Amino acid sequence: MANNDTIFQAEDTIISAAKQRLQDDAATLTAAEYQELITEYGRLLKTTKRLIKLNDRSANRLNELARETQEKNAQLEGLSAQLAKYLSPQVYQSIFTGNQTVSLASSRKKLTIFFSDLVGFTSITESLESEDLTAALNFYLNEMSTIALEYGATIDKYIGDAIMIFFGDPESHGTKEDALRCVSMAIAMQNRMEELSDKWASYGLQEPFRMRIGINTAYCTVGNFGSDDRLDYTVIGGGVNMASRLETAAKADAILLSYDTYNLVRGSILCSEADTISLKGIAEPVRTFIVLDQKHEDATISIKADRSHLQARLATLTGEEMGALKTSLEQALVKVEQHLEKQPKN
């Protein structure tokens, strides 16, 4: 592209020649020379007008491109917001900030895995209109997901009424803190379900939704799985299978933990050991622990009593007092057994 010096070379030559003539006192311009000057400056004016017109066209085109760019950006932002709903926020952020590449890749990490579902949901689907069922299920999933995001969970997927969540990737606060956040989230979810117990009747349900939860902490493989054209960011491994089996084994309204998760949270979360059970796909029997109601302070105090104080008190008891304490415990045990015998057999 020619520069300005080249474009106006002829005009610069004429101006230089005119200046030279003006410096010469004896010089006079003929009519032909004046005509030549007028002609050249006419060409200059025409060229200038053409350049101005081109500049105006370029400015208008740039303005059009700017508007088109803004519209495209708005469309991309809207599309991005819609696509974000199909991804966990942590995964979405890690991809769009460039911290994670979208490729077939995975890694081994210690994660805390959460599974939940609604007890008796299959029978509920048979007794409820699909529109009411859809509305109730979406409301339930929205309530639980809101709680999950508050605790920093990575929501893996919804499987009908079931929810799969994990802690520890792509963001982790440490294995212990991840486990504590997961169990605390599960407690918040069960508390919210209790608050919503009267809500479900508005959807036509005769009985309220009741949720059961299984949680396990283990090394798992996490990352992108699938094909070159379709990827799913998820977690796989035996630890995932155990969490799923624990959820299936849990009773309604219960939170069932594996020993590995219990061991990480027992200093902060009130739990009680449950049965050692055999789970499908798990070779060895599994020790399980139930999360207790955290709202009962008296239960918390009695179980978390200062051990040193109790030991000091026992040391002061006489033989007669120890015998009386033993008798009282035996009597309490008899009453418990009698109560159990009166319970209906399943």
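Could you tell me how many of the residues in region 128-159 are in a strand (DSSP E or B) and aromatic (Phe, Trp, Tyr)?
Result for region 128-159: 1.
From Thr288, Thr300, Thr248, Thr261, grab the single residue that is β-branched (Val, Ile, Thr), at pLDDT below 80, surrounded by 11 or more Cβ atoms within 10 Å (Cβ to Cβ) and closer than 27 Å to Glu194 by Cβ.
Thr300
Please determine, by comparing only the residues of region 188-244 that are charged (D, E, K, R) and in a strand (DSSP E or B), which one is farthest from Asp293 (Cα to Cα).
That would be Asp232.
When you go through Ala250, Ala254 one by one, which is the residue that is touching a Gly at 6+ places or on another chain (Cβ under 6 Å) and under 13 Å from Gly214 (Cα atoms)?
Details: Ala254 fails: touching a Gly at 6+ places or on another chain (Cβ under 6 Å).
Matching residue, one of Ala250, Ala254: Ala250.
Quick one: which residue in Ile52, Ile95, Ile124 is in a helix (DSSP H, G or I), surrounded by 13 or more Cβ atoms within 10 Å (Cβ to Cβ) and modelled with pLDDT of 80 or more?
Going through Ile52, Ile95, Ile124 in turn, the sole match is Ile124.
Do the conditions hold for Ala274, that is, is it exposed (fewer than 14 other Cβ atoms within 10 Å of the Cβ) and either touching a residue at least 12 places away in the same chain (Cβ under 8 Å) or not in a strand (DSSP E or B) (or both)?
No.
Report yes if some residue within region 61-79 is at pLDDT 80 or above, open to solvent by 60 Å² or more (accessible area, probe 1.4 Å) and part of a loop (DSSP other than H, G, I, E, B); otherwise report no.
There is no residue in region 61-79 that is at pLDDT 80 or above, open to solvent by 60 Å² or more (accessible area, probe 1.4 Å) and part of a loop (DSSP other than H, G, I, E, B).
For region 166-195: of the residues being among the aliphatic types (A, V, I, L, M) and touching a helix residue (DSSP H, G or I) at 6+ places or on another chain (Cβ under 7 Å), which is most open to solvent (accessible area, probe 1.4 Å)?
This residue is Leu180.
The values are calculated or read from the model by the stated rules, or taken from the named source; none is laboratory data. On a predicted model such as this, the values are computed, not experimentally measured, just so you know. Neighbour counts run over all protein chains shown; Cβ positions are idealised from the backbone, glycine included. Ligands, DNA and RNA are stripped out before the accessible areas are found, and what is left, the full protein with its side chains, is counted by its heavy atoms. Shrake-Rupley method; radii C 1.70, N 1.55, O 1.52, S 1.80 Å.
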